[in-house]
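Take a look at the structure set out below.
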Amino acid sequence: MSDTATGVALVLALIVFAALYLQIKSRGASYEEPWLPREIRGAELAYSEKRFESKRHGLVARLDRAYRGGGVLHLVELKTRDYYAAHASDAIELSVQRIVLEEETGEHVSPVAYVAVQKGGQGTPRPIRVDLFEEQEILAMRRRLLEVRSGRGRTPAPAARPKACEKCGQRATCLRTFGEPGRLS
């Protein structure tokens with residue numbers, strides 16, 4: 001094959017590749033993962049590992065994933081745990097994400113989200129459905145947190161499960177007031 005023929009073949013291959021790429025990109029990237037819940041399968045991955053901010057409420061959130069499907073955004077939080085469970089803190093985190101995402105994008109975000117738990121970092125994640133808190137509830141929680149941090153308002157009570165205290169941002173306050181979590185009465 002001559003140099004001219006090789007050059008023409010390379011240019012044609014590049015044109016075909018570019019055309020296929022543009023065709024796939026114009027359809028919207030469908031992010032098909034077999035573990036996704038039925039409501040999200042086939043939806044477009046709209047945002048991944050992106051930070052959003054609500055200037056109106058002074059809230060910041062970094063979401064793991066948001067999928068666009070059925071005219072709404074669906075939030076998915078990825079977690080690695082030793083057990084399959086969603087916690088209230090997951091619902092709070094996803095609810096804050098919902099507030100800031102709606103404010104920044106103007107798009108509607110589903111009032112239901114998923115915590116995709118991968119047990120021990122191995123295997124396929126298992127999605128767990130969580131109902132999100134309303135905006136007023138999240139803002140009330142924020143006000144309460146700010147009161148506790150500033151020393152105003154009622155003293156926080158320890159968690160019912162001592163293990164829940166381990167990663168709490170108010171642990172030092174409770175330790176000063178109540179002592180060790182395992183000894184709370």
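Every number in this text was worked out from the coordinates using simple rules, so none of it is lab data. Everything quoted here is computed from the prediction, not taken from an experiment. Note that we place each Cβ from the backbone using ideal geometry, even for glycine, and neighbour counts take in every protein chain shown.
Side notes on the structure shown:
- Counting neighbouring Cβ atoms within 10 Å and putting the fewest first, the residues ILE99, ILE15, ILE138 line up as ILE15, ILE138, ILE99.
- Separation in nanometres of the label points that stand 7 Å from Cα toward Cβ, at HIS108 and GLU53: 2.9 nm
- Taking HIS108, HIS74 and counting other C-beta atoms within 10 Å, the order from fewest to most: HIS108, HIS74
- Burial ordering of THR4, THR105, THR155, fewest other beta-carbon atoms within 10 Å first: THR4, THR155, THR105
- Placing pseudo-labels 7 Å out from each Cα toward the beta carbon at GLN122 and THR4 gives an inter-label distance of 6.3 nm.
- Unit charges on C-beta of K, R, D, E only; dipole of region 44-153, Debye: 340 debye
- Judged by the ratio a/c of the largest to the smallest principal axis of the C-alpha gyration tensor, region 54-185 counts as oblate, that ratio being 1.5 or greater while a/b is no larger than b/c.
- Shown here for region 115-148: GluC sites (Glu not before Pro) in loop regions (DSSP other than H, G, I, E, B) with at most 15 other Cβ atoms within 10 Å, namely GLU134.
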